[in-house]
Amino acid sequence: MGGGDVSKEMGGCSLAYRRGDQKLRKFVTARSTKFLLFCCIALALITLACRSSRPSAIGWVNSSTAVADRISESRKGYTLLMNTWKRYDLLKKSVSHYASCSRLDSIHVVWSEPNPPSDSLKEYLQKVLKKKSRDGHEVELRFDINKEDSLNNRFKEIKDLKTDAVFSIDDDIIFPCHTIDFAFNVWESAPETMVGFVPRVHWPEKSNDKGDYYTYSGWWSVWWSGTYSMVLSKAAFFHKKYLSLYTNSMPASIREFTTKNRNCEDIAMSFLIANATNAPPIWVKGKIYEIGSTGISSIGGHTEKRTHCVNRFVAEFGRMPLVYTSMKAVDSRNLWFW
């Protein structure tokens, strides 16, 4: 075979190799693209399936949820303790909404008005509860009538409560039932502490003439610092025993102070629970729907009044019991990434 034939043959082989390599690259590229596309579609389908059925992708979360469900059954769910004052439309909306929550056992309406609830109001609410009864179980409704108009009424002892858990709520706030269920699960993991949706914080200030002095700060301070030391009882879970402690064991001077100033009963409850546990509360992240007008927090000088309350209660308790924390409970089943 001559040199020219060898060169032609080598050139032909090289051309054939290049063509084969190009075909192989196209094949691999096409297969890779299809594989990546298949993975993306599969991932999207799995995510949608998980979100629709709401199982957790991690086994221990499923297990803990099942345990929490069994605990809640043994404790018969929770009692809704609703504070209201001459806002009957809001009361009707709130009761109608919460009556749909599957783990709700009973509703106690804290009534401090001079006149008792009308028959028409009671009949309306009873019809709502009957309509929304589940599996033969109708949520019990009771009006806790108080002769004196005092903010302390919302924490009066209720001796015949059937549940350990109390969910304290104002009549102008709405939470989705699944959000409350999640908060209830969190409370069951730490039933001695307070679990709520509205965090607040106190900050120490050192001054020569005042000694230890504290200021009360609202939501923006919590947001900026990532720290809180109390959750407000306008939307919070706590154990029923704290109603008894608030009524019978907390210094009477604190209850008298809150009645006179018409403020800070929620801070007093935070002090009481922190003093009993030496532990911080737990903030649960959740969307709040306010259906009423602004309350006393919109009145001028509100922060200054709350600061005065904090320092007054420190003096009454003999120490600062509130504990700082940065922990936040979030329901990861409602998030794309966590």
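The values are calculated or read from the model by the stated rules, or taken from the named source; none is laboratory data. All figures in this text were calculated on a predicted structure; none of them were measured in a lab. We place every Cβ from the backbone using ideal geometry, glycine too, and count neighbours over all the protein chains shown. For the accessible areas, the whole protein counts, side chains as well, though only heavy atoms, and no ligand, DNA or RNA atoms are used. Shrake-Rupley method; radii C 1.70, N 1.55, O 1.52, S 1.80 Å.
For the range 153-267, state the average projected area of the convex hull of the C-alpha atoms over all orientations, rounded to one decimal in nm². Write down the numbers at each step before the final one.
Working: hull surface 37.1 nm².
That works out to 9.3 nm², a quarter of the Cα hull's surface.
What shape does the range 206-284 take by its C-alpha gyration tensor, where a ≥ b ≥ c are the square roots of the eigenvalues and a/c under 1.5 counts as rounded, a/b above b/c as prolate, and the rest as oblate?
oblate
Counting only protein heavy atoms, what percent of the accessible surface of the range 232-338 is carbon or sulfur at a 1.4 Å probe?
Ligands and nucleic acids excluded, carbon and sulfur give 54 percent.
Between residue 279 and residue 319, what is the label-point separation in nm under the 7 Å Cα-to-beta-carbon projection?
1.7 nm
Mind listing the phi-derived Karplus ³J(HN,Hα) values for the range 148-164, rounded to whole Hz, using 6.51, -1.76 and 1.60 with θ = phi - 60°, and x for any glycine or proline?
In residue order, the calculated couplings are 9, 8, 9, 5, 5, 4, 5, 10, 5, 5, 10, 6, 10, 5, 8, 10, 6 Hz.
Direction-averaged shadow area of the convex hull around the Cα atoms of the range 195-338, nm²?
Mean projected area for the range 195-338: 10.3 nm², to one decimal.
With the cut-off at 19 Å, report for the range 170-234 the share of all Cα pairs above it, as a whole percent.
Percentage above 19 Å: 49.
So if each residue of separation counts as 0.36 nm, and I subtract the Cα-Cα distance between residue 120 and residue 137, what length gain in nm does that give?
Length gained between residue 120 and residue 137: 3.8 nm.
Just by accessible area at a 1.4 angstrom probe, what is the order of 119, 170 from largest to smallest?
These residues rank, largest area first, as 119, 170.
Return the aspartates and glutamates within reach of residue 122: Cα separation strictly under 13 angstrom, same-chain partners fewer than 8 residues apart disregarded; answer none if there are no such residues.
Within reach: 89, 140, 144.
Quick one: length gained pulling residue 332 to residue 86 fully straight, 0.36 nm per residue minus the C-alpha distance? Intermediate results must be reported in sequence, preceding the final value.
Values: separation 246, 0.36 × 246 = 88.56 nm, distance 3.81 nm.
Gain in length upon complete extension: 84.7 nm.
Pairs 86/147; 127/287; 127/240; 127/241; 76/240: which are spaced more than 25 Å apart, C-alpha to C-alpha? Please report the intermediate quantities before stating the final value.
Working: 86/147 15 Å; 127/287 28 Å; 127/240 28 Å; 127/241 31 Å; 76/240 13 Å.
In this structure, 127/287; 127/240; 127/241 lie more than 25 Å apart at Cα.
Please state, to two decimals, what the Cα-based radius of gyration of the range 125-220 comes to when divided by 2.2 N^0.38 Å (N = residues).
Rounded to two decimals, the normalised Rg is 1.52.
On the Cα set of the range 79-186, report Rg and Dmax in Å, please.
Rg and Dmax of the range 79-186, Cα atoms, are 13.4, 39 Å.
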